[in-house]
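Enquirer: The structure that follows is given in the form of structure tokens.
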Amino acid sequence: MAFDLQKMLHRKGEFESARLDAFAFHVRARTMRALAAALAIDADELVKSVAAHDDDAILDQLGETHGRDRVDTAYIAARAAAEAEAIAEFGDPTPVRLA
């Protein structure tokens, strides 16, 4: 029985990609939930928009009604808090090196 390095690396790549994508999604959802709290708007509706729009489009839309400076400031704080929470819950998102 031979060790197939290429197959193992491919499998690791798929696993790491999926893990990093899941981490990024958790951060985005938590960011939008915290942003909604900071802007006093419905968090569920804002979190649902994560699936349909990128962050820039969401921030542009919120900026029209709540002021772009206020939204940007709240977003930066919410993103930092969301990343810290996700790292505490899921661990460091950086890929595990083979060597």
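The values are calculated or read from the model by the stated rules, or taken from the named source; none is laboratory data. Just so we're clear, the structure is a prediction, and the values are computed from it rather than from any experiment. No Cβ is skipped: glycine too gets one built from the backbone with ideal geometry, and neighbour counts run over all protein chains shown. The protein model used for the area step is the full one, side chains on, heavy atoms only, and it has no ligands, DNA or RNA in it. Shrake-Rupley method; radii C 1.70, N 1.55, O 1.52, S 1.80 Å.
Enquirer: For the chain, with every protein chain kept in place, what is the accessible area per residue (1.4 Å probe, Å²)?
Expert: Numbers: 6810 Å² over 99 residues.
I get 69 Å² per residue for this part.
Enquirer: Below 14 angstrom from the Cβ of ALA18, what's the summed charge of the other residues (Lys, Arg +1; Asp, Glu -1)? Working shown, then result.
Expert: Values: positive: ARG11, LYS12, ARG19; negative: GLU14, GLU16, ASP21.
Net of charged neighbours comes to 0.
Enquirer: Which percent of Cα-Cα pairs in region 23-90 sits in each 5 Å bin, short to long?
Expert: 3, 19, 31, 28, 13, 4, 1
Enquirer: Applying a 10 Å radius around every beta-carbon, put 55-62, 71-78, 37-44 in order of their mean neighbour count, most first. Could the numbers behind the result be given before it?
Expert: Numbers: 55-62: 15.2, 71-78: 16.8, 37-44: 13.0.
Taking the mean over residues of other Cβ atoms within 10 Å, the ranking is 71-78, 55-62, 37-44.
Enquirer: Round to the nearest 0.05 the FRET efficiency obtained for ASP54 and ALA2 when R0 = 30 Å and r is the Cβ-Cβ distance.
Expert: Details: r = 44 Å, r/R0 = 1.48.
So the FRET efficiency works out to roughly 0.10.
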